[in-house]
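Asker: To start, I am sharing the structure in question, which I have written as structure tokens.
The values are calculated or read from the model by the stated rules, or taken from the named source; none is laboratory data. This structure is a prediction, so every number in the text was calculated from the model and none was measured. Virtual Cβ from ideal backbone geometry, glycine too; neighbours counted across all protein chains shown.
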Amino acid sequence: MKMAAITLEKAETGRIKVTLDLSGEIGFNEDRYVHITPRFPGIAREARFRVGEYVKEGDIVAVVESNESMTLYSLKAPIAGRVIRKHITPGEYLSGQESVYDIADLSTVWVNLAVYPRDASIVKPGQKVAIAAVGSDISATGTINYVTPVMDEETRRITARVVLPNANNAWRPGTFVNARIDVGEGEQCVVVGKNAVQTLDNKSVVFVQHEPGFFKPVEVTVGESDSQRVRIRAGLAAGAEYVGSGAFELKAKIVASTLGGHAGHGH
């Protein structure tokens, strides 16, 4: 028991934390995203910034010669941020209808999570969310601060939004993410440690000590689980003793002995 680090615990009555897994995408904070458009049609005389460059609030980003007055006027950045798109080249005609620079403040980003209709009633502002970027080790925690009141006509889903700090620009708009939302706790039930439940012969089992130093697998019916515990629906009562740590080692002993027996018969 010492070598396998086997410890005995008792099944408890508790509640399993209910979580919901969602996917989504990092987007710009649209409250801090601006389109700079010429006030009057004219000819572009200067374009002072390139895509990716940082712009301070009040910086002159372009100079335009008005078609009407033939005078020059400046376009200034209304916020500080990065140039995301540039649609201006010196000498070209500007209609005054289209943006010449798009600037985004990337100090915060929106995490837009897709929620299916069946889950819409349980996703609410204020719930905690664990977020992980797909394909990297970047992760963060946040809180849902907005849920769209209407369903998207194309995707047939609603959106739950988390605003994340992004001081080091680790979260890039367009990045796909996976998220886990805490949506509450279930009913009182019998629970055991997650590592105690093993699969043997396609059945869920926990190990119990039927004599000192002797263990046997007991089939159980499991329910929902969280990061630490599993609900036991049948097979083990509250207060019953079971193997908490070392269950995998006991299972490995059984599997190894079974394989060994089959190997012997093969010869």
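Asker: Would you check which residues across region 63-86 are aliphatic (A, V, I, L, M) and over 39 Å from the mean Cα position of the chain (by Cα) and list them? Break it down stepwise before answering.
Answerer: Kept after step one, since they are aliphatic (A, V, I, L, M), are these residues of region 63-86: 63-64, 70, 72, 75, 77, 79-80, 83-84.
Matches in region 63-86: V63, V64, M70, L72.
Asker: Mind checking which residues of region 64-98 are within 14 Å of F28 (Cβ to Cβ) and either assigned to a loop (DSSP other than H, G, I, E, B) or aromatic (F, W, Y) (or both)? Break it down stepwise before answering.
Answerer: If we filter region 64-98 for residues that are within 14 Å of F28 (Cβ to Cβ), which is where we start, we get 79, 81-85.
Hit for region 64-98 is I79, nothing else.
Asker: Okay, next question. Mind telling me which of the residues Y73, Y116 ends up being in the same structural domain as W171 (by TED's automatic domain parsing), in contact (Cβ under 8 Å) with a residue 24 or more places away in the chain and not aliphatic (A, V, I, L, M)?
Answerer: Details: Y73 fails: in the same structural domain as W171 (by TED's automatic domain parsing).
Matching residue, one of Y73, Y116: Y116.
Asker: Now for a separate question. Can you tell which of V115, V64 is in contact with a Gly (Cβ under 8 Å, 6 or more places away or on another chain) and at pLDDT 95 or above? Show your work before the answer.
Answerer: Working: V115 fails: in contact with a Gly (Cβ under 8 Å, 6 or more places away or on another chain).
Result of the check over V115, V64: V64.
Asker: Enumerate the strands (runs of 3 or more DSSP E) found wholly within region 140-240, keeping only those where 3 or more residues are at pLDDT below 95, surrounded by 14 or more Cβ atoms within 10 Å (Cβ to Cβ) and under 18 Å from the mean Cα position of the chain (by Cα). Working first, answer last.
Answerer: Numbers: elements: 158-165, 176-185, 189-193, 198-200, 203-211, 214-219, 221-225, 229-234.
Because the criterion is at least 3 residues that are at pLDDT below 95, surrounded by 14 or more Cβ atoms within 10 Å (Cβ to Cβ) and under 18 Å from the mean Cα position of the chain (by Cα), the strands (runs of 3 or more DSSP E) in region 140-240 that meet it are 176-185.
Asker: So which of R156, R82 ends up being in the same structural domain as I26 (by TED's automatic domain parsing) and basic (K, R)? Lay out the reasoning, then the answer.
Answerer: Values: R82 fails: in the same structural domain as I26 (by TED's automatic domain parsing).
Of the residues listed, the single one that is in the same structural domain as I26 (by TED's automatic domain parsing) and basic (K, R) is R156.
Asker: Right, another one. Quick check on region 177-196. Is at least one of its residues within 30 Å of F28 (Cβ to Cβ) and among the polar types (S, T, N, Q)?
Answerer: The first filter runs over region 177-196 and keeps only residues within 30 Å of F28 (Cβ to Cβ), leaving 177-183.
Next, from what is left, pick out any that are among the polar types (S, T, N, Q): 178.
Yes: region 177-196 contains one or more residues that are within 30 Å of F28 (Cβ to Cβ) and among the polar types (S, T, N, Q).
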